[in-house]
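Have a look at the structure below before the remarks.
The values are calculated or read from the model by the stated rules, or taken from the named source; none is laboratory data. Everything numeric here is computed off the predicted structure, so don't read it as measured data. Cβ atoms come from the backbone with ideal geometry, glycine included; neighbour counts cover every protein chain shown. Please note that ligands, DNA and RNA were not included when accessible areas were found on the heavy atoms of the full protein model with its side chains. Shrake-Rupley method; radii C 1.70, N 1.55, O 1.52, S 1.80 Å.
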Amino acid sequence: VHASHRLDKTEQLSVSCLFDYTPGGYFSPDQSLLRAGETGKVETSWDLIDTAGYPVLTYRTGNWVRLDPLENPVEVIHPSGSTITAYLTDSPSIFTLPSYLQGVQTVTCLLGMIPPQLMALFIQKGQRIARGETDWTGAALDFFETAMAEEDYWLVSPAGYPTGWWMWAVAEGQKEGRRARYLCWPSMILNWTIVPLIITALRILRGEVSQHGVLPTEACFELGSFLDEASNYLDEEHQGKPLLNDRFDWLE
């Protein structure tokens, strides 16, 4: 919503995540497989693979459609300025944002991985679940083992490819009569499950939320004041630093 409001007219909006599975990292296939061997189970964060093999419901040109992620890769601008390939994925935001952003014709949620080729492997293993060949635990283990068996192919990123964990929004449309694009992304990793919950609860208790019912966040809150309140929960290292980075580009 914040990204959309930075333009005079937003036509396309994407919310993207880039997960870093570089070898040696905590969530990398080698470390995840090691922990699975030690504990006898796969961490529940990998249950995302359960939906990866199915067509994804997404909003395109003003209509709801189901598309196969592997057959419909999306080129998206990354905060670093490079363009990466990402894939459609499920998100609750897809179902609520079109109702609150009048005139927006395309809303997509996208997922990519580092190294980038892992995303295709992830979807392929998710398709085994869709065919009834395994469950999400078996598919995740298959994903880890396949990546490790062919490390030179699956676990090596192209030169210059972005690194680190990223989440960002991209809005494209019109600004002052010209084609334009606006990106924004968190400047740091916080306990984002905890902090918004605390702020929301306090705002309700203070009587600052008048709406009732089951509502998406964009129906209740404005990002600027929300981040101002979130800054109260930063540790000393991050005190005084902005919580949101952004970038604006003219497209013509």
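Quick one: in the range 16-32, of everything that is open to solvent by 50 Å² or more (accessible area, probe 1.4 Å) and touching a residue at least 12 places away in the same chain (Cβ under 8 Å), which residue is nearest to residue 249 (Cα to Cα)?
Going residue by residue through the range 16-32, those that are open to solvent by 50 Å² or more (accessible area, probe 1.4 Å) are 22-24, 26-27, 31.
Adding the requirement that they be touching a residue at least 12 places away in the same chain (Cβ under 8 Å) leaves 22-23, 27.
Working: 22: 30, 23: 34, 27: 33 Å.
It comes out as 22.
Regarding residue 163, is this residue of a type in the set (Val, Ile, Thr), crowded, with 16+ Cβ neighbours inside 10 Å and in contact (Cβ under 8 Å) with a residue 12 or more places away in the chain? Working first, answer last.
Values: of a type in the set (Val, Ile, Thr): yes; crowded, with 16+ Cβ neighbours inside 10 Å: no; in contact (Cβ under 8 Å) with a residue 12 or more places away in the chain: yes.
So residue 163 does not fit the description; no.
Which is over 26 Å from residue 94 (Cα atoms) and of a type outside the set (A, V, I, L, M), of 235, 249?
Numbers: 249 fails: over 26 Å from residue 94 (Cα atoms).
Answer to the check: 235.
Would you be able to tell me the number of residues in the range 41-64 that are open to solvent by 50 Å² or more (accessible area, probe 1.4 Å) and either more than 20 Å from residue 171 (Cα to Cα) or touching a residue at least 40 places away in the same chain (Cβ under 8 Å) (or both)? Reasoning before the result, please.
As a first pass, look at the range 41-64 and keep what is open to solvent by 50 Å² or more (accessible area, probe 1.4 Å): 41, 43-45, 47-48, 50-51, 54-55, 60-61, 63-64.
Those still in the list that are either more than 20 Å from residue 171 (Cα to Cα) or touching a residue at least 40 places away in the same chain (Cβ under 8 Å) (or both) too: 41, 43-45, 47-48, 50-51, 54-55, 60-61.
Of the residues in that region, 12 qualify.
Name the residues in the range 206-244 that are over 24 Å from residue 166 (Cβ atoms), polar (S, T, N, Q) and surrounded by 11 or more Cβ atoms within 10 Å (Cβ to Cβ), would you?
The answer is 225, and nothing else.
Of the residues 171, 139, 159, 180, which is in contact with a Phe, Trp or Tyr (Cβ under 6 Å, 6 or more places away or on another chain) and over 18 Å from residue 74 (Cα atoms)? Lay out the reasoning, then the answer.
On the way: 171 fails: over 18 Å from residue 74 (Cα atoms); 139 fails: in contact with a Phe, Trp or Tyr (Cβ under 6 Å, 6 or more places away or on another chain); 159 fails: in contact with a Phe, Trp or Tyr (Cβ under 6 Å, 6 or more places away or on another chain).
After applying the criteria, what remains is 180.
When you scan the range 83-104, how many residues do you find that are under 13 Å from residue 16 (Cβ atoms) and assigned to a helix (DSSP H, G or I)? Outline the logic, then answer.
Applying the first criterion (under 13 Å from residue 16 (Cβ atoms)) to the range 83-104 yields 83-89, 91, 93-94.
If we keep only those that are assigned to a helix (DSSP H, G or I) as well, we get 93-94.
Going through the range 83-104 one residue at a time, the tally reaches 2.
Could you count how many residues in the range 169-180 are under 18 Å from the mean Cα position of the chain (by Cα) and not acidic (Asp, Glu)? Write out each step before concluding.
Applying the first criterion (under 18 Å from the mean Cα position of the chain (by Cα)) to the range 169-180 yields 169-172.
Now narrow it down to the ones that are not acidic (Asp, Glu): 169-171.
The total comes to 3.
Please work out which residue is farthest from residue 58 (Cα to Cα), limiting yourself to the range 6-40 and to residues that are small (Gly, Ala, Ser) and assigned to a strand (DSSP E or B). Steps first, please.
First pass over the range 6-40, keeping only residues small (Gly, Ala, Ser): 14, 16, 24-25, 28, 32, 36-37, 40.
Those still in the list that are assigned to a strand (DSSP E or B) too: 14, 16.
Values: 14: 11, 16: 14 Å.
Here the residue is 16.
Quick check on residue 194: is it out of contact with any strand residue (DSSP E or B) (no Cβ under 6 Å at 6 or more places or on another chain), farther than 21 Å from residue 5 by Cβ and surrounded by 11 or more Cβ atoms within 10 Å (Cβ to Cβ)?
Taking the combined requirement at face value, the residue does not satisfy it.
Would you be able to tell me the number of residues in the range 70-82 that are assigned to a loop (DSSP other than H, G, I, E, B) and not polar (S, T, N, Q)?
6
If I ask for residues that are aliphatic (A, V, I, L, M) and touching a Ser or Thr at 6+ places or on another chain (Cβ under 7 Å), which ones from the range 97-149 would you list? Working first, answer last.
Looking only at the range 97-149, we keep the residues that are aliphatic (A, V, I, L, M), and these are 97, 101, 104, 107, 110-111, 113-114, 118-121, 123, 129-130, 139-141, 147-149.
Hits for the range 97-149 are 101, 104, 110, 111, 114, 121.
With the condition kept exactly as written, say whether any residue in the range 49-62 is modelled with pLDDT under 95, more than 19 Å from the chain's Cα centre (by Cα) and among the β-branched types (Val, Ile, Thr).
yes
Of these, 247, 179, 203, which one is crowded, with 16+ Cβ neighbours inside 10 Å and either part of a helix (DSSP H, G or I) or basic (Lys, Arg) (or both)? Spell out how you get there, then give the answer.
Details: 247 fails: crowded, with 16+ Cβ neighbours inside 10 Å; 179 fails: crowded, with 16+ Cβ neighbours inside 10 Å.
That would be 203, the only listed residue that is crowded, with 16+ Cβ neighbours inside 10 Å and either part of a helix (DSSP H, G or I) or basic (Lys, Arg) (or both).
Quick one: count up the residues across the range 125-160 that are within 20 Å of the chain's Cα centre (by Cα) and either free of Cβ contacts under 8 Å to residues at least 60 places away in the same chain or in a loop (DSSP other than H, G, I, E, B) (or both).
Counting residues in the range 125-160 that are within 20 Å of the chain's Cα centre (by Cα) and either free of Cβ contacts under 8 Å to residues at least 60 places away in the same chain or in a loop (DSSP other than H, G, I, E, B) (or both) gives 1.
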